[in-house]
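The values are calculated or read from the model by the stated rules, or taken from the named source; none is laboratory data. Please read these numbers as outputs of a predicted model, since none were measured by experiment. Positions of Cβ are generated from backbone atoms using ideal geometry, with glycine treated the same way; all protein chains shown enter the neighbour counts. The accessibility values were calculated without ligands, DNA or RNA, using every heavy atom of the protein model including side chains. Shrake-Rupley method; radii C 1.70, N 1.55, O 1.52, S 1.80 Å.
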Amino acid sequence: MKTTQLSSSILNYNLSQDKVLDKIKAWIDSNSMFQDHRFIWRIGVTNAESIFAVEGQLRADYQCKHFKYWRTDSFNESVKTISKLTKYHFVFKSPLHNYIGKGQYIFVYKMPTPYKHHFYHTQHY
C-alpha cells in the first residue's frame, strides 16, 4: 500500500515547482571552470519560432560551446531569470536576445572572451 501512495505522489509531481533559474545555474556551474576566464556565458530570450534558428546559427559558429535552452511558464519569468543571471560577472546578454516576440525560451551558450572586449580587463586583472 505504501508503494501505491508513493507512486501516486510521484505522478502528481508538478514540474513548475522546479525553478528554471536553479536548473540554469546548476548547468552553468557544471560546465564552468572558474579558474579559466577565457570564456564567458551569453544568455537571451526568444520565442518558439526563433529558438531553432538561434540554435542553428550558434552551432554553426565553431567558437560556441555548451548551447542549451529552457522553456519558462511566461515571458515575465524569462525576463526575471535573465536579470538575475546577468548580475554575475561572467554572464552577459547575447546579441541574439530578442524581446520583440515576448518569448518563453531562455538560451545559454559559452563563448571565448574577445581580447578587445571592454570587460576583458575586469575579468583578467
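Under the 0.36 nm per residue contour assumption, what length would be gained going from the current alpha-carbon distance of Asp29 and Asn47 to full extension? Extra length available between Asp29 and Asn47 comes to 4.0 nm. The 1.4 Å probe gives accessible areas that order Trp70, Trp41, largest first, as Trp70, Trp41.
Spin-label model, Arg38/Tyr88: points 7 Å from Cα along the beta carbon direction are separated by 2.0 nm.
Please sort 95-101, 43-49 by packing, taking for each peptide the average over its residues of neighbouring beta carbons within 10 angstrom, highest first. Don't skip to the answer; put the middle values down first.
On the way: 95-101: 13.1, 43-49: 18.7.
Peptide ranking by packing, descending: 43-49, 95-101.
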